[in-house]
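Beneath this line is the structure, given in C-alpha cells, with notes to follow.
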Amino acid sequence: FTKLQNQLGASEGEMVKYQGVVKSVFNSGMGEDIGQVGDAVHQVTQNMGELNEQELETVTKGALMLSQTFDADVNESTRGANALMDAYGYTAEEAMDKVAWGFQNGLNFSGEFADNLAEYAPLWEANGYSSEQMFAILQKGTEDGAYNLDYINDLVKEFGIRMQDGSKGTSDAMAQLSTGTQDLFKQFQNGELTVAEMQEAVVADLMKMDDTVKRNEIGVALFGSKWEDMSGEAVLAMLDVDEALVNSEGTMNGMISK
C-alpha cells in the first residue's frame, strides 16, 4: 500500500478508497497476489483518470480478467480503453466493454489490438466513424485474414488522407465514379460530409463495377498500397459491414461475474 500511495501521490484519506478497492478485488480471486492487484489499480488510475470506487473496482477486475484470459497487458488494455473514452465520450466501464468485446472476437490476433486502439481510435472518430463501425471493420478484416491489425487501420487512415489531399490522383479517381458519389465528394470538400460517409459511397460504387482493372486502379488511387496488399475484393468485403452487429454492452461484467 505504501508503494501504491507513492505511485499515485495519494493522501492518507485518499488511500482509504484505494486500499478498499485493492482488498475487494484481491478477495474476489483476481490477481496472483495483492501486489499485482495494487499495480493494476495504479495502471487503471494512471491511464483512465480518477474513477469512483465502484468504477475503479469493476474496471480493475476487468483488466485483470483480460490479462488472465487473453494474456493482455493491463497497461495496454487500459490505455486502449482510455482512447475510446477520450474519442467517443464513453464511461470507463463502457470503454472496457468495447475492449473486452474486441478480445473475445479475435481482434488481438496479431497481438496489437489494445495498442492499436490507443493509436487509432482518435483517427477513426475524427473521420466520422462510430466506434461500432470501427469495431465491425476491424472484426471483418480479422475474419478475412488481414496480415495484422495495422493493415486495416492504415487502410482506413490512407483513405482519409487521399480524400483530403486535393491531389490530381484523387480527383481523377473520383471522376470515374458515379455522378452521385461525385456530388457527395463536392459536399465533402465543402465540409458537409465525413470521410466515413465518403467511404460508404465509394465502396458501394466499386462493388458494382464489373471492370476489375478499372476498379483496382481506382482502389489503389483512393486506398493506397494496402488495397493491393489485401486484394481489392477483401478490402470491399471488409468495409461493407453492419455496425449493428457490434453489441458490446455488458461484455466485461459478463466475464468477471462468472
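The values are calculated or read from the model by the stated rules, or taken from the named source; none is laboratory data. Remember, it's a predicted structure, so these values are computed and weren't measured experimentally. All Cβ positions, even for glycine, are placed from backbone atoms using ideal geometry, and neighbour counts span all protein chains on display. Ligands, DNA and RNA are excluded from the accessible area calculation, which covers all protein heavy atoms including side chains. Shrake-Rupley method; radii C 1.70, N 1.55, O 1.52, S 1.80 Å.
Computed quantities for the displayed model
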{"item": "Residue-count net charge about Leu155 - beta-carbon cut-off 14 Å; Lys, Arg +1, Asp, Glu -1", "result": "-4"}
{"item": "Partner lysines for Lys214 [C-alpha distance under 18 Å; skip if fewer than 8 residues away on the same chain]", "result": "Lys168, Lys226"}
{"item": "Rounded percent of accessible protein surface that carbon and sulfur make up, the chain, 1.4 Å probe", "result": "44 percent"}
{"item": "Positive-end residue of Ala92, Ser28, Leu184, charge dipole of the chain with Cβ unit charges", "result": "Ser28"}
{"item": "Surrounding net charge for Lys3, when Lys and Arg each add one and Asp and Glu each subtract one, Cβ distance under 13 Å", "result": "-2"}
{"item": "Förster radius 45 Å - calculated FRET efficiency between Thr91 and Gln176, Cβ distance, rounded to 0.05", "result": "0.50"}
{"item": "The chain: most fluctuating residue of Asp183, Asp97, Asp211 per GNM, C-alpha cutoff 10 Å", "result": "Asp211"}
{"item": "Accessible-area order (highest first, 1.4 angstrom probe) of the listed residues Ile256, Ile152", "result": "Ile256, Ile152"}
{"item": "Shape category assigned to the stretch 1-138 from the gyration tensor of Cα positions, a/c cut at 1.5", "result": "prolate"}
{"item": "In Å², nearest 10: area of Met252 left accessible to a 1.4 Å probe", "result": "0 Å²"}
{"item": "Within the chain, helix-based [θ] at 222 nm, where runs of 4 or more DSSP H residues each add -39,500 (n - 2.57), nearest 500", "result": "-23000 deg cm²/dmol"}
{"item": "On Cα atoms only, tilt of 53-70 relative to the major axis of the chain in degrees", "result": "70 degrees"}
{"item": "Degrees between helix 92-104 axis and first principal axis of the chain (Cα, 0 to 90, nearest 10)", "result": "70 degrees"}
{"item": "With all protein chains modelled, accessible area of Ser77 [1.4 Å, Å²]", "result": "0 Å²"}
{"item": "Between 0 and 90°, nearest 10: helix 34-48 axis offset from the chain longest Cα axis", "result": "40 degrees"}
{"item": "Accessible surface, the chain, averaged per residue in Å² (probe 1.4 Å)", "result": "45 Å²"}
{"item": "Alpha carbon centroid spacing (whole Å) that separates the stretch 137-201 from the stretch 202-229", "result": "11 Å"}
{"item": "Cut-off 13 Å between beta-carbons: net charge of the residues surrounding Thr60, Lys and Arg +1, Asp and Glu -1", "result": "-2"}
